[in-house]
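Structure record follows, encoded as structure tokens.
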Ligand code: ARG
């Protein structure tokens, strides 16, 4: 069955049929399609556009189709052009003439606009839930590692000491922003296009407020031409997904570096690593690499949709059918990446000694040595120069600042006293950093309390 054909005198070319059809992918939102149709049929009945009996027959018929597809009893077959046709044809087959009234006052243009919106809204919720679970794991790791010292890096050079809690907290912040972006998108998109018809509304007395509220929207959209051709919310969602992937990809890159033989900061669990077919010693961080690799694919979907949309005249044009496959792929990819990444970090072990040792060795306390001099009255610029000379000396002797004898310190500046060792110890360097957002224990515990509150309330 086709939903059109009356004005045609020839069969459609088979290749055209194949090229035009979307059922192979738009069946993914059969639930949303049926949910939308149930709301539409309910409203048609309430408005007296169809009889109450017909409305009830349609709603019951659609509910039956939904549960039969859900249970696998009713397979979706490729002989139909799209999911809308499949559902309507099945309905007519099952309930007869009443089924032919479902599409009264509706076009596939507002129907697909609704389906895609409902699907996106549902998936925003699903991605949000995945992110929250990931953040719970990050928070657990933070709590366990408030005193696990490690080097903090800039330019991938050891810079100043931090803690694992502090480092992971940076990702907690990123994912918190990601969730707030999803929240914003959901709020902005939550208006119902149903009732916009093909592009110009309809002459039937539809109650658009009713369908909007039946489908949990905040109200109907206000311009029918925009309603059938707006895919901004999807572009925004793909943008938010791309930013999530930026964060996951950076996190993956660090996991790969930390897991390398040279660093050995962490060890990935066997269940989340893979081996090599030729090199028996290898344990590879494939999950992190794949997450990093899939990032390009998600960015690609955003650029594809932006490009598809940029030249489309108002209102609906078939180009918009292209919004689906790329979005479905991006959404599934991101959900999979978050979930696997969560499992990977949840099971990895931190090599605390190695991290602490690495923090000690890289002159990460050089700024603190300069600050020590500043506290004793030396101007910072001079202190910077003095410590620079000390670092040079240590490099020559292949020792750390902590290991340099006091008389060597004094040779360069007699301001140094025995208390310098306490001032530049790793613990002091971290613990003295007590401004909010810094790694010091009290500051970090305050932030962790805020995060606990966030998880409980968001
Ligand atoms: N498969 C179409 C899409 O995804 C559904 C809308 C069809 N509308 C039309 N006028 N042909 O956009």
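Where a number appears in this text, it was derived from the coordinates with a stated rule and is not lab data. Only a predicted model underlies this, so the values are computations on that prediction, with no experimental measurement involved. Note that we place each Cβ from the backbone using ideal geometry, even for glycine, and neighbour counts take in every protein chain shown.
Sequence gap at least 6, Cα distance under 8 Å: using those rules, report the relative contact order of the stretch 349-458 to the nearest whole percent.
RCO, the stretch 349-458: 21 percent.
Take residue 445 and residue 198, extend 7 Å from each Cα along the Cα→Cβ direction, and tell me the distance between the two endpoints in nm.
7.0
When each pair of different Cα atoms in the stretch 300-458 is counted once in the 1/r mean, what is the Kirkwood radius in angstroms, to one decimal?
Computed over Cα pairs of the stretch 300-458, the Kirkwood hydrodynamic radius comes out at 20.9 Å.
Looking at the P(r) of the stretch 252-382, how many percent of alpha-carbon pairs lie beyond 20 Å?
So the pairs more than 20 Å apart make up 65 percent of the total in the stretch 252-382.
Run the numbers on the chain and let me know its relative contact order in percent, using alpha-carbon pairs under 8 Å that are six or more apart.
Dividing the mean separation by the residue count of the chain yields 16 percent.
R0 = 22 Å: FRET efficiency of residue 410 with residue 432, Cβ-based, nearest 0.05?
After rounding, the FRET efficiency stands at 0.40.
What is the Cα radius of gyration of the stretch 1-83 over 2.2 N^0.38 Å, N being its residue count?
Ratio of Cα Rg to 2.2 N^0.38 Å: 1.31.
Going by C-beta contacts inside 10 Å, put 154, 221, 308, 12 in order with the fewest on the left.
Taking fewest neighbouring Cβ atoms as first place, the list is 154, 12, 308, 221.
Kindly provide the pair-distance distribution of the stretch 119-168 built from C-alpha pairs, with 5 Å bins from 0 and whole-percent values in order of increasing distance.
Using 5 Å bins, I get a P(r) of 5, 19, 17, 14, 13, 11, 10, 7, 4, 0 for the stretch 119-168.
On average over all directions, what projected area in square nanometres does the chain have, based on the convex hull of its Cα atoms?
Average of the hull's projected areas for the chain equals 29.9 nm².
Neighbouring Cβ atoms within 10 Å as the yardstick, rank 420, 387 fewest first.
The most exposed by this proxy come first: 420, 387.
Percent of Cα-Cα pairs more than 14 Å apart in the stretch 144-192, please.
So the portion of pairs separated by more than 14 Å is 65 percent.
Would you order 314, 248 from fewest to most other beta-carbon atoms within 10 Å of each residue's own beta-carbon?
314, 248
Note the per residue figure in Å³ for the convex hull of the C-alpha positions in the stretch 347-427.
With only Cα atoms used, the stretch 347-427 gives 99 Å³ per residue.
Once you compute Rg and the Kirkwood Rh from C-alpha atoms, what is the Rg to Rh ratio for the stretch 54-120?
Ratio value, two decimals: 0.95.
Which percent, to the nearest 5, of DSSP beta bridges fully inside the chain are antiparallel?
Here the antiparallel bridges make up roughly 90 percent for the chain.
Rank by packing, highest mean first: peptides 177-188, 292-303, with packing defined as the count of other Cβ atoms within 10 Å averaged across residues.
292-303, 177-188
In percent, what relative contact order does the stretch 216-347 have, based on Cα pairs under 8 Å that are 6 or more apart in sequence?
Relative contact order, the stretch 216-347: 34 percent.
Please grab the % of Cα pairs in the stretch 40-188 that end up more than 27 Å from each other.
51
Tell me, what is the Rg over Rh of the stretch 192-277, with Rh the Kirkwood radius over Cα pairs?
Rg/Rh for the stretch 192-277 comes to 1.39.
Apply 1/(1 + (r/R0)^6) to the Cβ-Cβ distance of residue 104 and residue 357, taking R0 = 60 Å, and write down the FRET efficiency to the nearest 0.05.
The calculated FRET efficiency here is 0.20.
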